[in-house]
Amino acid sequence: MTSTPQDSPRRGRYHHGDLRSALVRTGFDLLAKSGPAAFSVAQVARELGVSTAAPYRHFPDRAHLLAAVATQAAEELAAELERAAELAGPDPAERFAATAGAYVRFVSARGAGFTVIFATELQALHDQTLATAGRRLMDLLLDLAHEATGLGPEHSPRLLEQHIALAHGYVALHADGFFSRRQHTVEHLADQAVEASRTLLRGLATPRHGP
């Protein structure tokens with residue numbers, strides 16, 4: 001049986017094999033190139049070079065494909081954050097701050113950060129694999145935040161919220177062209193995010209006096 005142009009691999013990106021994994025891998029490529037707004041089953045298929053019907057053998061709709069990408073993103077990101085913390089050495093504050101830089105590098109390269117992993121549209125799926133991966137990621141960061149402050153666990157969620165906001169803010173502003181790409185490379189912005197996280201920790205450690 002002769003394959004149609006739509007079914008034929010494009011530029012050798014996909015050959016007969018594990019189509020599901022190829023779709024997830026190409027989903028990352030599309031997110032990194034165009035962002036979540038352009039993510040669709042049809043576009044992923046076109047990027048991969050298969051027919052637009054092919055993905056539906058594995059994913060019933062966009063949300064389920066995005067959930068598979070989000071799950072892998074959560075697992076990969078957790079591994080990168082763990083690695084960054086270990087490379088930062090024994091100081092708890094430095095271990096925590098290092099994860100801000102790791103986040104900037106990961107999302108800049110992969111296109112899938114917290115806005116994808118915890119996307120509102122995916123919550124209705126009740127995907128247990130994604131939920132487990134997301135919970136592990138957050139537990140890792142909460143543990144690092146708790147160790148960094150040396151305070152009660154009630155302080156960790158607020159610190160983590162600010163930490164995530166600043167790290168993701170650098171990624172989003174860079175993607176939107178806010179920073180000059182000649183002067184602000186991803187590596188430079190990652191360093192800036194680490195320093196900003198250090199500043200957060202210093203502020204938390206400084207006693208506050210009333211008026």
**Q.** Computed [θ] at 222 nm, helices only, for the chain once each DSSP H run of length n ≥ 4 contributes -39500 (n - 2.57)
**A.** -21500 deg cm²/dmol
Q) Mind checking which helices in the chain clear 24 Å along their axis (Cα) and have mean Kyte-Doolittle hydropathy of -0.5 or more, DSSP H runs only? A) 62-87, 92-110, 128-149, 156-175, 186-205
Q) Tell me, Thr26, Thr99 in order of fewest to most beta-carbon neighbours within 10 Å? A) Thr26, Thr99
**Q.** Radius ratio Rg over Rh of the chain, counting only Cα atoms, Kirkwood formula for Rh
**A.** 1.06
Q. Based on the alpha-carbon gyration tensor of segment 102-192 and its eigenvalue square roots a ≥ b ≥ c, which shape applies: rounded if a/c is under 1.5, prolate if not and a/b is larger than b/c, or oblate?
A. oblate
Q.
Tell me whether segment 52-152 comes out rounded, prolate or oblate; compute the Cα gyration tensor, take square roots of the eigenvalues as a ≥ b ≥ c, and use a/c under 1.5 as the rounded threshold.
A. prolate
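None of the figures in this text is laboratory data; all of them are computed from the coordinates on show. No experiment lies behind these values; they were computed from the predicted model shown. Virtual Cβ from ideal backbone geometry, glycine too; neighbours counted across all protein chains shown.
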